[in-house]
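This report concerns only the one structure given below.
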Amino acid sequence: QVQLVESGGGLVQAGGSLNLSCLVSGSTFKINSIGWSREAPGKERELVASMDSGVSTNYADSVKDRFTISRDHAKATLYLQMNSLKPEDTAVYYCTLQTPWRNYWGRGTQVTVSS
């Protein structure tokens, strides 16, 4: 089993920054990818940033050049640095991890960007 616990969300003005964290615990010996998704009210959940088992990263077009995904193996933590935030970035952000057998999700952290 894998447990994912997000933190770092909050209320920020447009143009501001937030750094989300995801503490990963449990059986993580085989990971296909790890990343961040978000779900805004009335919209489908979308993958915004991901990292494979190596160093390759992928970003949704809507967040490229503004968001940066990174991980600290020693701390078993995944990060999402979000800069130049926009009101349309308002959503619940979920940490997600894919193994060959199933996907895991955290409970999410709310990010609200005011205009």
Legend entry - Fraction of alpha-carbon pairs over 17 Å apart in the chain - percent: 50
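Ignoring any ligand, DNA or RNA, what whole percent of the accessible area of the chain comes from carbon and sulfur when the probe is 1.4 angstrom?
Values: 3020 of 6380 Å².
Here carbon and sulfur together make up 47 percent of the probe-accessible area.
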Inset, instruction - Quickly rank 85-93, 42-50 as a protection proxy: mean count of other C-beta atoms within 10 Å, highest first. - result: 85-93, 42-50
Inset, instruction - Show the residues, 5+ positions off or on another chain, whose built amide H is closer than 5 Å to the amide H of Gly108. - result: Glu6, Cys95
Inset, instruction - Mind giving me the FRET efficiency for Asp61 and Phe29? R0 is 41 Å, r the Cβ-Cβ distance, nearest 0.05 is fine. - result: 0.80
Inset, instruction - For a quick protection proxy, order the peptides 13-24, 62-73 by their average other-Cβ count within 10 Å, most packed first. - result: 13-24, 62-73
Legend entry - Where the range 1-99 is the region considered: accessible area per residue in Å², 1.4 Å probe: 53
Legend entry - Cut-off 16 Å, label 7 Å out along Cα→Cβ of Leu47, residues of the range 62-85 by amide N: 62-64, 69-70
Inset, instruction - For the range 38-60 and the range 65-115, compute the distance between their C-alpha centroids and round to whole Å. - result: 8
Inset, instruction - Kindly write out, for the range 93-98 in residue order, the coupling ³J(HN,Hα) from the Karplus curve 6.51 cos²θ - 1.76 cosθ + 1.60 (θ = phi - 60°), rounded to whole Hz, with x marking Gly and Pro. - result: 9, 10, 7, 9, 9, 10
Inset, instruction - Just tell me which lysines come within less than 22 Å, Cα to Cα, of Lys43; anything on the same chain fewer than 8 places away is out. - result: Lys64, Lys86
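The values are calculated or read from the model by the stated rules, or taken from the named source; none is laboratory data. All values reported here derive from a predicted model rather than from experimental measurement. Quick reminder, even Gly has a Cβ in these numbers, built from the backbone with ideal geometry, and neighbours come from all protein chains shown. These area figures cover heavy atoms from the full protein model, side chains too; ligands, DNA and RNA do not enter into them. Shrake-Rupley method; radii C 1.70, N 1.55, O 1.52, S 1.80 Å.
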